[in-house]
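Read the structure below first, then the notes.
Read the figures in this text as sums done on the coordinates, not as results from a lab. Please read these numbers as outputs of a predicted model, since none were measured by experiment. We place every Cβ from the backbone using ideal geometry, glycine too, and count neighbours over all the protein chains shown.
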Amino acid sequence: MTTLALQHYLVVGAILFVIGMIGFMTRRNLIVMFLCTELMFQGVAINLIAFSKYHANFGGQAFVIFVLVIAAAEASLALGLVVLLFRQKNTLDADAWRELRG
Amino acid sequence: MLAAFSSAFGLLLPLAYSAQVLEPAAILALCVSAGIGTVFLLPSHFHPSWRKVGGAILLLSGLTFLFLVLRYTAEVKQTNLHTIYFWIFSAIAIFSAARVITHRQPVYSALYFVLTVFASAGLFILLGADFMAGALVIIYAGAILITYVFVIMLAVEARSPDHQSAAQMMADYDDYSRDPFIASAIGYALMGVLMFVIFDRSPTTLLPAHNPSPAAVRAQSGAPDVSGNTQELGIYLFSSQQVSLELAGLILTIAMVGAIVIARRRVLRLRPVAPVVVEMVVFPATPVDDNPHSIPVYGTDNPTQKAYPET
């Protein structure tokens, strides 16, 4: 059995989430922005699995399956949108779509 | 080798000063220094040597944080290979996650993200979630990341060489990040709050005694004995999560249809059409003669050339 505490896994998940959030806010490449979203998903998934182990309940792992499903759906739709946006302005810069800010 | 490292690790642990809780001031100072390091490390207008300084600051604060967490862990007093694997996997995951957001080239970001996925799959195995680790590697590293790399290559390949401004923008938007200072401040503020909450109590070991494992529960109730986490997960999924599972399949189908609809056909309509240059043929393309069976030539200005065959 593991001698690690629950907190170790929570810390790793939190660090991954925060790194993904910083990347999402700072990077300007649309593809890298969506990669950072996937990083945030990773952090959440580690948290969920750790709590699943802690409570000896499979709900956490089932939830990670659904997180993976949503991540896959999000990735396919987002990459389709990225290709579409790239073909419109011929750049991947998120700032090129500044007028969408309203 | 690993066993020797493990024993050395166990000897080192009691040397560290044992404390119940991480001090909030230490967490705050670490977050501030890591934030400064991140600002310098992100792609920006600074001289490249500043990136090295930022990387050094970030590494130093990471090592300090590692030491603090080790001190926090010291009361567990027990070290085995499991623990060593945890430190290795989490170090790889965090390092490659930092490279994902600080590397200038998107392809390398994607590859470092693959490394993060593998490391967190290792963490999942340590947590006893074998099926989820496999699914993570297959779905993320096998499917989603391949799609990302495809799109990166497609987006670079579709750029025609005569778009100089687009090329400059391409170099520009990967080299300069947007508001690194504000984003780091917000991100590390969130990280500090999370650390306060997580380290607010003494370490709670995984698998507490008051929570019996599902296998033990089922053995008591006389249900058929299954072995392995994967089988238990399958039984759980198909007994109490049936509707959610069907909905997940439906969501995937809808996303597939939506992606096809989004990325289809409009590609050709939106690309700028190059003007068609029509060249007049000054010299006759075919020999001029009076043979009515020669090849008819349409649309020439040459009066000696017959526009139509006389037959």
Residue within the range B:115-125 that is in contact with a Ser or Thr (Cβ under 8 Å, 6 or more places away or on another chain), farther than 23 Å from residue A:76 by Cβ and surrounded by 21 or more Cβ atoms within 10 Å (Cβ to Cβ) present: yes
Whichever residue in the range B:102-135 is part of a helix (DSSP H, G or I), closer than 21 Å to residue A:10 by Cβ and aliphatic (A, V, I, L, M) and, among such residues, is nearest to the chain's Cα centre (by Cα): B:117
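Which residue is nearest to residue B:39 (Cα to Cα), if the candidates are limited to the range B:189-205 and must be touching a residue at least 40 places away in the same chain (Cβ under 8 Å) and not aliphatic (A, V, I, L, M)? Steps first, answer last, please.
First, pick out the residues of the range B:189-205 that are touching a residue at least 40 places away in the same chain (Cβ under 8 Å): B:189, B:191-192, B:195-196, B:199-203, B:205.
From what's left, not aliphatic (A, V, I, L, M): B:192, B:196, B:199-203, B:205.
Working: B:192: 16, B:196: 23, B:199: 26, B:200: 28, B:201: 31, B:202: 32, B:203: 32, B:205: 35 Å.
So, considering only residues that are touching a residue at least 40 places away in the same chain (Cβ under 8 Å) and not aliphatic (A, V, I, L, M), the one nearest to residue B:39 (Cα to Cα) is B:192.
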Set B:106, B:43: member being touching a strand residue (DSSP E or B) at 6+ places or on another chain (Cβ under 6 Å) and surrounded by 15 or more Cβ atoms within 10 Å (Cβ to Cβ): B:106
Those residues of the range A:16-36 which are more than 8 Å from every other protein chain (Cβ to nearest Cβ) and under 18 Å from residue B:107 (Cβ atoms), in sequence order: A:30, A:33
Filter result for residue A:99 (over 16 Å from residue B:124 (Cβ atoms), more than 7 Å from every other protein chain (Cβ to nearest Cβ), in a helix (DSSP H, G or I) and in contact with a helix residue (DSSP H, G or I) (Cβ under 9 Å, 6 or more places away or on another chain)): no
Verdict on residue A:45 being under 10 Å from the mean Cα position of the chain (by Cα) and crowded, with 19+ Cβ neighbours inside 10 Å: yes
Within the range B:44-75, considering residues that are part of a helix (DSSP H, G or I) and of a type in the set (Gly, Ala, Ser), the one farthest from residue B:34 (Cα to Cα): B:74
Tally, over the range A:9-37, of residues that are in a helix (DSSP H, G or I), crowded, with 23+ Cβ neighbours inside 10 Å and not hydrophobic (A, V, I, L, M, F, W, C): 5
Filtered residue count, the range A:21-42, keeping only those that are among the hydroxyl-bearing types (Ser, Thr, Tyr) and more than 12 Å from the chain's Cα centre (by Cα): 1
Filtered residues of the range A:48-82 (kept if within 23 Å of residue A:26 (Cα to Cα) and either touching a residue at least 24 places away in the same chain (Cβ under 8 Å) or surrounded by 20 or more Cβ atoms within 10 Å (Cβ to Cβ) (or both)): A:71, A:74, A:75, A:76, A:78, A:79, A:80, A:82
